[in-house]
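Just dropping this structure here.
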Amino acid sequence: MLNDAFASGDARYVSQALGVIARARGMTEAAREAGVTREALYKPLSQNCDPRLRTLLGVARALGMTLKAHVGTAR
């Protein structure tokens, strides 16, 4: 799901995918690791929000993920 979200280039889809993963692993733990309150984490990980890159990177890091760029062919 997360790879599909990144491939889409849609920040809202990426945010939603990270939200699904964070909820599955536990929002309290994800928020603590990201350095924000649990309540503050719900909004940027909702379907209707366009989050800041800093927020997405913090959540990804809190979930133990690293992000990599892959150079592919242009569409």
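Over 5 Å intervals from 0, what percent of Cα-Cα pairs in the chain sits in each interval?
Values per bin, smallest distances first: 3, 17, 29, 26, 13, 7, 3, 2.
Could you work out how far helix 53-62 tilts from the main Cα principal axis of the chain, as a 0 to 90 degree angle to the nearest 10?
Once rounded, the angle reads 70 degrees.
Using DSSP to define loop residues, name the GluC sites (Glu not before Pro) in the chain whose beta-carbon has at most 12 other beta-carbon atoms within 10 Å.
Loop-located and lightly packed - none at all.
Would you work out the charge dipole size for the chain about its Cα centre, treating the Cβ of every Lys and Arg as +1 and the Cβ of every Asp and Glu as -1, and quote it to the nearest 20 debye?
Magnitude of the dipole: close to 120 debye.
At a threshold of 8 angstrom on Cα-Cα distance, excluding pairs fewer than six apart, so keeping six or more, what relative contact order does the chain reach in percent?
31
Related question: With a 1.4 Å probe and all protein chains kept in place, how much accessible area does Arg25 have, in Å² rounded to the nearest 10?
We get 140 Å² for Arg25.
Enumerate the calculated ³J(HN,Hα) couplings along region 26-32 in order (Karplus 6.51 cos²θ - 1.76 cosθ + 1.60, θ = phi - 60°), each rounded to whole Hz, writing x wherever the residue is Gly or Pro.
So the Karplus estimates, Gly and Pro as x, are x, 5, 4, 5, 4, 5, 4 Hz.
A follow-up question, please. Within the accessible area of the chain, what % is carbon and sulfur when the probe is 1.4 Å and the other protein chains stay in place?
50
The values are calculated or read from the model by the stated rules, or taken from the named source; none is laboratory data. Because the structure is predicted, anything quoted here is derived from the model rather than measured. With ideal geometry, Cβ positions are generated from the backbone for all residues, glycine too; neighbour counts draw on all protein chains shown. Surface accessibility is based on the protein's heavy atoms, side chains included, excluding ligands, DNA and RNA. Shrake-Rupley method; radii C 1.70, N 1.55, O 1.52, S 1.80 Å.
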